[in-house]
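The values are calculated or read from the model by the stated rules, or taken from the named source; none is laboratory data. Since we're looking at a predicted model, the values are computed, not measured. All Cβ positions, glycine included, derive from the backbone under ideal geometry; neighbour counts span all protein chains shown.
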Amino acid sequence: MRNFWTLYKRELLTLYLTPTGYIVMCVFLGVLGWVFWLLVRVLNLPDMVKIDTDVFSIMFGGTFFYWIVLAAISAALTMRLFAEEYRTGTIETLMTAPVSDTQVVLGKYLAALSFLLLMWAPTVLYVVVLGRYATVDYGVVFSGYIGTALLCAMLTALGLLVSSCTRSQFVAFFVSFVIILMLFSLNFMQNIVSPGWRALYQYVSVLEQFKEFSAGVLDSCSFVYFISVTLLLLFATVKSVESHKWR
């Protein structure tokens, strides 16, 4: 267990001590801050039609920027986790260390996920600031953060799996980004497939599963979906790393 935490801390510090980590963090907070400011401004325009939707209901999954930023950030944070190890040859040293393949995968995964979730911490200020001047639906805020955490967990696992399959960080980023966008687009496929397939597309659609969180509802089906897919992706990553020993 001590070796696991050593690996976890090493990966987490690497993210904080590299330019990539700071660039990702600045872009992330910059875009979210701009989206929050824009939503507040637009919804308070005198000529704006009054709607009952909470600002945070729109912020959590209600804009294009939310999805595209999460796709890009998740791919950027995970692209180097295994690809760089393969490229430099340090994966051989890591595999001979007194840690199992599962511990290696989980150490890297939890480090990337921790970094991604910690980037959301400053956004709590949005809630505090808006709460001083307007009525905030804290149920929507809470469920929005829970849903975002589950979504981040799944996307991080996906990016880690892709990184374990290539030696190129660029390839890992591009493939992860495209796959994530394809997952997001499943929601729109419901409109072009036959009625018999719509129920399946609706269930596997990330946007459809996340919709309840944006509405302030904690649905057990959505929990099962995100947790199941995350565990499946992590299992596949462990098998991918194990297979590297035989290449």
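Of the listed requirements (1) touching a residue at least 60 places away in the same chain (Cβ under 8 Å); (2) within 11 Å of the chain's Cα centre (by Cα); (3) within 24 Å of Tyr16 (Cβ to Cβ), Gly147 misses just one: (3).
Yes or no, residue by residue, for (1) at pLDDT 90 or above; (2) of a type in the set (D, E, K, R); (3) closer than 22 Å to Gln103 by Cβ:
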| position | (1), (2), (3) |
| --- | --- |
| Leu161 | yes, no, yes |
| Val175 | yes, no, no |
| Arg198 | no, yes, no |
| Glu212 | no, yes, no |
| Tyr225 | yes, no, no |
| Leu231 | yes, no, yes |
| Val238 | yes, no, yes |
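Do you know which residues across region 162-171 are part of a helix (DSSP H, G or I) and either under 14 Å from Trp67 (Cβ atoms) or touching a Lys or Arg at 6+ places or on another chain (Cβ under 8 Å) (or both)? Those that are part of a helix (DSSP H, G or I) and either under 14 Å from Trp67 (Cβ atoms) or touching a Lys or Arg at 6+ places or on another chain (Cβ under 8 Å) (or both): Ser163, Gln169.
Just the residues that are surrounded by fewer than 18 Cβ atoms within 10 Å (Cβ to Cβ), touching a residue at least 40 places away in the same chain (Cβ under 8 Å) and either of a type outside the set (Phe, Trp, Tyr) or part of a loop (DSSP other than H, G, I, E, B) (or both), please, taken from region 216-230.
We begin by selecting, within region 216-230, every residue surrounded by fewer than 18 Cβ atoms within 10 Å (Cβ to Cβ); these are 217-221, 223-224, 227-228.
Those still in the list that are touching a residue at least 40 places away in the same chain (Cβ under 8 Å) too: 217-218, 223, 227.
The answer is Val217, Leu218, Ile227.
Does any residue of region 172-183 turn out to be of a type in the set (Ser, Thr, Tyr), assigned to a helix (DSSP H, G or I) and touching a Gly at 6+ places or on another chain (Cβ under 6 Å)?
Initial filter on region 172-183 (of a type in the set (Ser, Thr, Tyr)): 176.
Imposing the further condition that a residue be assigned to a helix (DSSP H, G or I) reduces the set to 176.
Among the residues that remain, those that are also touching a Gly at 6+ places or on another chain (Cβ under 6 Å) are: 176.
Scanning region 172-183 turns up at least one residue that is of a type in the set (Ser, Thr, Tyr), assigned to a helix (DSSP H, G or I) and touching a Gly at 6+ places or on another chain (Cβ under 6 Å).
Ser185 versus (1) under 18 Å from Leu233 (Cα atoms); (2) free of Cβ contacts under 8 Å to residues at least 40 places away in the same chain: which is the lone unmet condition? Ser185 satisfies every listed condition except (1). Quick one: is Ala71 more than 25 Å from Gly216 (Cα to Cα), buried (at least 16 other Cβ atoms within 10 Å of the Cβ), under 22 Å from the mean Cα position of the chain (by Cα) and among the aliphatic types (A, V, I, L, M)? No, not satisfied. On inspection, Leu12 does not qualify as closer than 20 Å to Tyr145 by Cα, of a type in the set (A, V, I, L, M) and at pLDDT 75 or above. Is one or more of the residues making up region 34-50 at pLDDT below 85 and of a type in the set (Lys, Arg)? Yes: one or more hits. Scanning region 69-93 for residues that are over 16 Å from Val175 (Cβ atoms) and either touching a helix residue (DSSP H, G or I) at 6+ places or on another chain (Cβ under 6 Å) or aromatic (Phe, Trp, Tyr) (or both) turns up Val69, Glu85, Ile91.
For region 68-84, how many residues meet the condition of being outside any loop (DSSP other than H, G, I, E, B) and in contact with a Leu (Cβ under 9 Å, 6 or more places away or on another chain)? Before you say what the answer is, go through the steps one by one.
So in region 68-84, the residues outside any loop (DSSP other than H, G, I, E, B) come out as 68-78, 83-84.
Narrowing further to those that are in contact with a Leu (Cβ under 9 Å, 6 or more places away or on another chain): 68-71, 73-75, 77-78.
Number of matching residues: 9.
Residues of region 200-210 that are β-branched (Val, Ile, Thr) and at pLDDT 80 or above: Val206 alone.
Can you tell me which of Thr156, Thr166 is more than 18 Å from the chain's Cα centre (by Cα), of a type outside the set (Phe, Trp, Tyr) and modelled with pLDDT of 85 or more? Give the steps one after another, and end with the answer.
Details: Thr156 fails: more than 18 Å from the chain's Cα centre (by Cα).
Being more than 18 Å from the chain's Cα centre (by Cα), of a type outside the set (Phe, Trp, Tyr) and modelled with pLDDT of 85 or more holds for just one of Thr156, Thr166, which is Thr166.
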